[in-house]
Amino acid sequence: MGVAAAVVGAGVGWLAKPTPGPAPTATATATETATATITTTAKPAEAPVLEIYHWWTSGGEKAAIDALVKVFNQKYPEIAVLQSPVAGGAGYVMKAAMKSLVLAGEAPDAFQMHAGYEGKPYFDGGYLDPITDVWTQQGFEAVIPKVVQDMVKFGGDYYAVPVNIHRPNVVWYNKALLDKIGADPATLTTWDALTAACDKLVAAGTAHPVSLGDSGKWAATHALEQIMAGEGIDFYQDYVNGKLTSATDPKLLDALNIFKKYLGYVNPDHATLTWDEATARVIKGDAAFNVMGDWANGEFLVAKKVYGKDYGTFPPPGTAGVYGLVIDCFQHPKGVKHPENSRKWLTVVGSKDGQDAFNPLKGSISARTDANVSKYGPYQTAAIADFKAAKNMYPSVVHGSGAPEAFTAKLDDIMSAFVNTKDVTAAATAFTDAIKAASADYTTVWKLV
Ligand code: GAL
């Protein structure tokens, strides 16, 4: 059960080893200059400022990060938190912007990043400080599961602190619409049953029962990933270990064919919608189903919908008892303007209070085993139990954890082309070619079974 990751060999990153740059300046703002003048030690004073980047801009996401910042400010009222939210779900805009900032020596004090492969180019390029001492001081190892620990370590040291565990393999449904066609969600355990329910919904007047918002492309890839997870954990393990290299692999072809059928029930304006606009269609009853990670729960909560009464969830067919992993983290970039405040931020990110303020609004579960479960609503209470009972776990590729960037950078374009052409053979070829081309970068050996 769970995930074990062993890192082998050295990866080839997109960041070259940096040449040492000038020491960071401490006089970027008036506040900083003023603080510096009253300091008597040799060390330049650190301004009471913390600058963080993230992509949490939807209703639920914003509520969650604001709650985390509030906990930080209760502890450190003197530090002004400057949030730089970059709109674009799954970080499809921010990830590229962050690379440029880091390469330019302008990394913020901390930024949202996924566990696993996503941090590796930064680590390989020497752009992160190890934070094993923060982990030790805060006692994180005693409360953060091993599966998560392994995903935020590089070369034996910790390089990130997780704030949550999101589950990607969730189907969100509108209960009134399913009641209308007399469908029991507990019976929707195969794609055939699910598409049969879609046919009934269409006949009953819901023209597009499945909502998709892939304006950033990734949401389509996200749906396919969950279909692939339903093809079996051995298959998925081969996928994340770079071994899915045959364009005639029957499970890959099956997954693409299921996805093709699925797309037949999707709203035609999908390419103009964001992920949360697609979730809103289910909230409003314009669509019955949305395959999305459990950040969607934050949107249902903002809309004041009641789990079990207005909406519900079930695992995408084939993934019952299996827990996908999307883990948001923050890290300590090298040479940041406010290194002490960055460390303070990391302590709050990993704290029980911080996680129990953030996650109930975010839809995720705490990355800590000592979470105060009474603060979580019914969806997350069930997710906490599912996580504990999971027979297998798997790292999300579309959310950066499970495969190297040399592959993930091509993935969304491959799937976006498929969404337009529905050409299974072409997609399977492009998909497996991209894995083969990235073969040197598969440095983690995932053990999912
Ligand atoms: C994921 C991220 C989540 C959520 C989602 C949509 O990549 O891990 O926290 O924000 O994107 O933006």
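Taking segment 179-246 as the region of interest, the helices (runs of 4 or more DSSP H) fully inside it that hold 1 or more residues being among the acidic types (Asp, Glu) and surrounded by 15 or more Cβ atoms within 10 Å (Cβ to Cβ) are 218-229, 233-240.
Being at pLDDT 50 or above and out of contact with any Pro (no Cβ under 9 Å at 6 or more places or on another chain) is not true of VAL8. One residue alone among LYS309, LYS304, LYS334, LYS352 is touching a Pro at 6+ places or on another chain (Cβ under 9 Å) and surrounded by fewer than 24 Cβ atoms within 10 Å (Cβ to Cβ), and that residue is LYS334.
Yes/no matrix, rows are residues, columns are (1) polar (S, T, N, Q); (2) touching a Ser or Thr at 6+ places or on another chain (Cβ under 9 Å); (3) away from the ligand (no atom under 16 Å from the Cβ); (4) not in a helix (DSSP H, G or I):
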{"residue": "ASN359", "(1), (2), (3), (4)": "yes, yes, no, no"}
{"residue": "ALA367", "(1), (2), (3), (4)": "no, no, no, yes"}
{"residue": "ALA385", "(1), (2), (3), (4)": "no, no, yes, no"}
{"residue": "VAL397", "(1), (2), (3), (4)": "no, yes, no, yes"}
{"residue": "SER401", "(1), (2), (3), (4)": "yes, no, no, yes"}
{"residue": "ALA409", "(1), (2), (3), (4)": "no, no, no, no"}
{"residue": "ALA426", "(1), (2), (3), (4)": "no, no, yes, no"}
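Scanning segment 60-81 for residues that are touching a residue at least 12 places away in the same chain (Cβ under 8 Å) and surrounded by fewer than 15 Cβ atoms within 10 Å (Cβ to Cβ), we see that the one that is nearest to LEU101 (Cα to Cα) is ALA80.
Quick check on segment 299-313. Is at least one of its residues in contact (Cβ under 8 Å) with a residue 12 or more places away in the chain and farther than 17 Å from GLY363 by Cβ? Within segment 299-313, one or more residues are in contact (Cβ under 8 Å) with a residue 12 or more places away in the chain and farther than 17 Å from GLY363 by Cβ. Would you call LYS388 without any contact (Cβ under 8 Å) to a residue 24 or more places away in the chain, of a type in the set (D, E, K, R) and closer than 24 Å to LYS146 by Cα? Considered against the rule, which asks whether it is without any contact (Cβ under 8 Å) to a residue 24 or more places away in the chain, of a type in the set (D, E, K, R) and closer than 24 Å to LYS146 by Cα, LYS388 comes out as yes. Filtering segment 232-281 to residues that are among the small types (Gly, Ala, Ser), in contact with a Gly (Cβ under 8 Å, 6 or more places away or on another chain) and within 16 Å of the ligand (Cβ to nearest atom) leaves only ALA278.
Confirm whether VAL134 is within 18 Å of the chain's Cα centre (by Cα), crowded, with 20+ Cβ neighbours inside 10 Å and at pLDDT 95 or above. For VAL134, the condition - within 18 Å of the chain's Cα centre (by Cα), crowded, with 20+ Cβ neighbours inside 10 Å and at pLDDT 95 or above - is not met. Considering segment 82-96, the residues that are surrounded by 21 or more Cβ atoms within 10 Å (Cβ to Cβ) and on the phi > 0 side of the Ramachandran plot include one that is farthest from the ligand (Cβ to nearest atom), namely GLY91. Checked against (1) surrounded by 24 or more Cβ atoms within 10 Å (Cβ to Cβ); (2) out of contact with any helix residue (DSSP H, G or I) (no Cβ under 6 Å at 6 or more places or on another chain), GLY321 meets all criteria but (1). When VAL143, VAL152 are checked against the criterion of being closer than 30 Å to TYR117 by Cβ, among the β-branched types (Val, Ile, Thr) and within 16 Å of the ligand (Cβ to nearest atom), a single residue qualifies: VAL152. Considered as a group, the residues in segment 367-381 that are of a type in the set (Gly, Ala, Ser) and under 23 Å from ALA115 (Cα atoms) include one that is surrounded by the fewest Cβ atoms within 10 Å (Cβ to Cβ), and that residue is ALA371. Within segment 97-132, being over 19 Å from GLN149 (Cβ atoms), within 14 Å of the ligand (Cβ to nearest atom) and among the aromatic types (Phe, Trp, Tyr) holds for one residue alone: PHE111.
Between TRP345, TRP275, the distinction of being under 23 Å from the mean Cα position of the chain (by Cα), within 30 Å of ASP124 (Cα to Cα) and in contact (Cβ under 8 Å) with a residue 60 or more places away in the chain belongs to TRP345 only. State yes or no: is GLY139 out of contact with any Cys (no Cβ under 7 Å at 6 or more places or on another chain) and more than 28 Å from VAL240 (Cβ to Cβ)? When the stated conditions are applied, GLY139 passes them. Residues in segment 141-161 that are assigned to a loop (DSSP other than H, G, I, E, B) and surrounded by fewer than 21 Cβ atoms within 10 Å (Cβ to Cβ): 3 in all.
The values are calculated or read from the model by the stated rules, or taken from the named source; none is laboratory data. None of the values given here were measured: they were computed from a predicted structure. All Cβ positions, even for glycine, are placed from backbone atoms using ideal geometry, and neighbour counts span all protein chains on display.
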